[in-house]
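J.: Okay, here's the structure, questions in a sec.
The values are calculated or read from the model by the stated rules, or taken from the named source; none is laboratory data. This structure is a prediction, so every number in the text was calculated from the model and none was measured. FYI the Cβ positions are ideal-geometry reconstructions off the backbone, even for glycines, and counts take in every protein chain you see.
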Amino acid sequence: MRREVPAVLTTVMAIFVFLSAMLFPLEEMKILARTDSLLQFMGNMALFLGGINLFRLHSRNIKKKREYWPFSLWLLAVFVFFTVLGIVKGNNDPLYKGLYDALIVPVNASMHSISAFFLCSAAFKAFRIKNLDSIVLMISAVWVMLASVPIGEIISPNVGIVKDWLLAVPGSAVARAMANGLFLAGFAATLRIFLGLERRHLGQ
């Protein structure tokens with residue numbers, strides 16, 4: 001029963017959502033809208049359980065004085081503070097938004113910058129120019145990185161123009177091809193679950 005019931009529920013809900021979307025216009029899909037509300041509730045509950053798990057994990061780190069436990073203490077302090085402030089004041093409160101813009105945004109920018117340098121150094125160490133494709137990839141990557149820093153404009157104003165073309169034409173084409181591939185892969189995975197061919201989510 002532990003495997004049959006989830007399989008039946010998955011198939012029934014998949015058929016229900018598919019038929020609702022195909023047979024009824026959007027303005028008449030009240031039942032489907034309620035289903036979306038149920039999905040939002042389930043997502044919120046998953047987020048709530050994730051917060052509890054995060055709190056338990058880092059509380060254990062602090063209690064046992066494990067390595068880097070001060071970072072766990074700082075994480076829990078920020079987590080509790082923003083949670084309480086968001087519940088009491090709401091996410092539109094000036095204090096909440098000001099603290100978010102003053103703390104989270106700079107930290108995210110710093111992390112992305114560090115990650116960019118790390119990726120560039122790792123790619124430089126691991127990348128090997130062996131054929132024409134790798135040469136084109138290396139030239140494009142160096143050109144885009146060069147055009148993204150001020151020295152690129154000093155070298156030539158055309159550096160930025162070529163970068164914009166690389167991102168808008170070849171980059172956009174590759175991004176669309178990857179998006180189509182991801183969509184087909186997701187559709188195939190959904191179809192396997194719908195037909196009962198994929199049962200790993202049931203523990204099989």
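J.: What are the residues in region 98-116 that are hydrophobic (A, V, I, L, M, F, W, C) and modelled with pLDDT of 80 or more, if any?
T.: Step one: list which residues in region 98-116 are hydrophobic (A, V, I, L, M, F, W, C), which gives 99, 102-105, 107, 109, 111, 114, 116.
The answer is 99, 102, 103, 104, 105, 107, 109, 111, 114.
J.: Looking only at residues that are loosely packed, with under 10 Cβ neighbours inside 10 Å and under 23 Å from residue 53 (Cα atoms) in region 79-112, which one is farthest from the chain's Cα centre (by Cα)?
T.: Residue satisfying both the conditions and the ranking: 88.
J.: Looking only at residues in region 113-155 that are hydroxyl-bearing (Ser, Thr, Tyr) and loosely packed, with under 12 Cβ neighbours inside 10 Å, which one is farthest from the chain's Cα centre (by Cα)? Full working, then the answer.
T.: The initial filter retains those residues of region 113-155 that are hydroxyl-bearing (Ser, Thr, Tyr), namely 113, 115, 121, 134, 140, 148.
Narrowing the set further to residues that are loosely packed, with under 12 Cβ neighbours inside 10 Å leaves 113, 115, 121.
Values: 113: 18, 115: 16, 121: 24 Å.
For region 113-155, the residue satisfying everything is 121.
J.: Looking at residue 13, is it within 23 Å of residue 187 (Cβ to Cβ) and either modelled with pLDDT of 75 or more or loosely packed, with under 11 Cβ neighbours inside 10 Å (or both)?
T.: Working: within 23 Å of residue 187 (Cβ to Cβ): yes; either modelled with pLDDT of 75 or more or loosely packed, with under 11 Cβ neighbours inside 10 Å (or both): yes.
Here the answer is yes, as residue 13 does meet what is asked.
J.: Right, another one. Return the only residue of 137, 119 being under 21 Å from residue 166 (Cβ atoms) and either aromatic (Phe, Trp, Tyr) or not assigned by TED's automatic domain parsing to the domain that holds residue 168 (or both).
T.: Numbers: 137 fails: either aromatic (Phe, Trp, Tyr) or not assigned by TED's automatic domain parsing to the domain that holds residue 168 (or both).
Result: 119 is the single residue among 137, 119 that is under 21 Å from residue 166 (Cβ atoms) and either aromatic (Phe, Trp, Tyr) or not assigned by TED's automatic domain parsing to the domain that holds residue 168 (or both).
J.: Please verify whether residue 95 is outside the structural domain of residue 6 (by TED's automatic domain parsing), in a helix (DSSP H, G or I) and modelled with pLDDT of 85 or more, treating the condition exactly as stated.
T.: Details: outside the structural domain of residue 6 (by TED's automatic domain parsing): yes; in a helix (DSSP H, G or I): yes; modelled with pLDDT of 85 or more: yes.
Against the criterion (outside the structural domain of residue 6 (by TED's automatic domain parsing), in a helix (DSSP H, G or I) and modelled with pLDDT of 85 or more), residue 95 qualifies.
J.: If residue 72 meets every condition in (1) at pLDDT below 90; (2) surrounded by 12 or more Cβ atoms within 10 Å (Cβ to Cβ); (3) out of contact with any Ser or Thr (no Cβ under 6 Å at 6 or more places or on another chain); (4) not aromatic (Phe, Trp, Tyr) apart from one, which number is that one?
T.: (1)
J.: Specify which of the listed residues (49, 39) is assigned to a helix (DSSP H, G or I), within 24 Å of the chain's Cα centre (by Cα) and at pLDDT below 85.
T.: 39
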